[in-house]
1. Which percent of the Cα-Cα distances in the stretch 116-163 go past 13 Å?
2. For the chain, what proportion of DSSP beta bridges, expressed in % and rounded to the nearest 5, is antiparallel?
3. What spacing in nm lies between the two simple spin-label points modelled at Ser71 and Gln210, each 7 Å away from Cα in the Cβ direction?
4. Just the Cα atoms of the chain, one point each, no solvent: what log10 I(q)/I(0) does Debye give at q = 0.13 Å⁻¹?
5. Per residue Cα convex hull volume for the stretch 241-341, in cubic angstrom?
6. First measure r as the distance between the Cβ atoms of Asp273 and Glu333, then evaluate 1/(1 + (r/R0)^6) with R0 = 30 Å and state the FRET efficiency to the nearest 0.05.
7. For the stretch 91-196, take N as its residue count and report Rg(C-alpha) divided by 2.2 N^0.38 Å.
8. Once you list every other residue whose beta carbon is under 15 Å from the beta carbon of Arg268, what net charge do they have if Lys and Arg are +1 and Asp and Glu are -1?
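Values quoted throughout were computed directly from the atomic coordinates according to the rules given, and no laboratory measurement underlies them. These numbers come from a predicted model, not from an experiment. Virtual Cβ from ideal backbone geometry, glycine too; neighbours counted across all protein chains shown.
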Amino acid sequence: MFLSDMPEVTMRKTAAIPLQNLLQPLQLAGGGTVSRIMPGPMEGIMHPLFCKAVSELGLIDFWITPFLRISTDVPRDSRLRHFIRPFVETGLPVIVQLMGINPELIAAAAVRFRELGIVGINLNFACPSKQVISGGAGGALLRKPELMRQIVEQTARACPDFSLSVKLRTGYEDSAEMESIFEQAVSGIKLDFIAMHFRTVKEMYRKTDQGIERIVRAVKLAGNVPLIANGDIFSAEDAITMSGATGCAGIMIARGLLKDPFLSRRIRQACGDPDSQAITGDGRIIFFNKLLDIARRDPAKYWSRPQFMELANYMWGSRHPYFEIFKQLSDKEFQAYSVAE
Ligand SMILES: Cc1cc2nc3c(=O)[nH]c(=O)nc-3n(C[C@H](O)[C@H](O)[C@H](O)COP(=O)(O)O)c2cc1C
C-alpha cells in the first residue's frame with residue numbers, strides 16, 4: 001500500500017507538555033540503551049539504500065528491523081546474516097523483529113540472532129497483511145493470546161538477560177479486546193517495551209479518533225513495562241500531543257519518517273535537546289539527494305529504480321510534479337539527477 005492511499009488522522013490537540021522524558025535513553029536488558037523516539041519497522045522500505053542514507057544523515061539512533069517470518073525451520077546463519085547486514089553495516093544497534101506461530105522455532109531463531117551480535121528481539125503480533133493473517137501469524141495472534149504468551153515466554157527463556165519486546169495492535173476486531181490480550185498474553189512477563197499501534201488489525205490504516213484514548217488504556221495495562229505509542233505521528237506536535245496526553249514511555253514513528261525523514265531530530269529539538277542540530281531546507285529533498293548520491297557512488301550495490309520510485313511515492317505522493325519528472329527520466333539521467341529546492 002502506498003502512503004498516499006492511507007488516510008491521515010488528525011489527533012485531538014491537548015496542551016503541550018515539555019517532554020524531557022522522550023530524550024531519556026531507554027534501558028535494555030543485557031546492557032545498552034536505545035532512544036525513546038523509535039523508528040517503526042517497515043518491510044519493503046528498509047532496504048540497504050534506505051538504511052545507508054538514514055545512517056549517513058544521522059536520522060535515527062537504532063533499528064528495529066522489519067519482520068523476518070519464521071515458518072517451517074530456522075533459516076541458516078548465512079540467511080540470518082544477510083537479513084541483518086544492511087542494518088549492522090550502519091554501525092547502529094539492531095533489534096530484530098521476528099514473526100511466526102511456532103514458539104520453539106522463534107525461540108531458536110532468537111538464540112541464533114543473539115549470537116550474531118544484535119541487541120534485542122521484537123516479536124510481531126501486529127501485522128494486518130492478508131497473507132500474514134491467513135497463515136495465523138502477526139496480528140492474527142491477537143485472537144490467540146495463549147499462543148502469544150507461549151511465544152513470548154519461550155523466547156524469553158531461550159534468551160535470558162537479553163532485550164525482548166513486542167509490537168501489538170489494540171485488538172483484532174475491536175479495541176475492547178485489549179484488556180484480555182494484556183492479561184492473557186503479556187502480564188507478568190519482563191519485557192523491555194511494548195510498542196502499540198493504536199489501531200485494531202481490522203482497521204488496517206483507517207482513520208480513528210480513539211488513538212489517544214486507547215493508548216491511555218494501554219499505558220495503564222502495561223504497568224511497569226514501558227509503553228511505546230505508535231500511530232499517525234507525523235510532526236513534532238503530534239509526538240508532543242501523544243506523549244503529553246497519554247504518559248507513554250516513548251513513541252514510534254514509521255510513515256512519519258518517510259514524509260519527513262528528519263522527524264526524529266525535529267522531535268528531539270521540540271523536546272529541548274541541546275545536541276540536536278538545526279535542520280535547514282526541505283528534509284525530503286536532502287534525503288532524496290542523499291539516496292541518489294549513495295546510488296551514484298556504488299550503483300551495483302544500491303541502484304534500484306523501483307526503490308527510488310517507491311520512496312518518492314511515499315514522500316511526495318504520485319501526483320506530485322517530482323514524481324512525474326522521475327517517471328520520465330532514463331536510468332542514466334535519474335542517476336545523474338539531483339532534486340533542486
Ligand atoms: C511499508 C510499511 C511496512 C511495514 N512493515 C512493518 C513490519 O515489518 N513490522 C512491523 O511491526 N510493522 C510494520 N509496519 C507498521 C509500522 O511499523 C507502524 O506500526 C504503522 O505504520 C503505524 O505507524 P505510523 O502511523 O507511524 O506509520 C509497516 C508499515 C509500512 C507503512
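1. Percentage above 13 Å: 60.
2. Once the DSSP bridges in the chain are tallied, antiparallel ones form about 5 percent.
3. Going by the 7 Å Cα→Cβ label model, 3.4 nm.
4. Each listed q maps to, in turn, -1.01.
5. Dividing the Cα hull volume of the stretch 241-341 by its residue count gives 132 Å³.
6. Efficiency for this residue pair is about 0.15.
7. Rg over 2.2 N^0.38 Å, computed on Cα atoms: 1.01.
8. My count for the surroundings of Arg268 gives -3.
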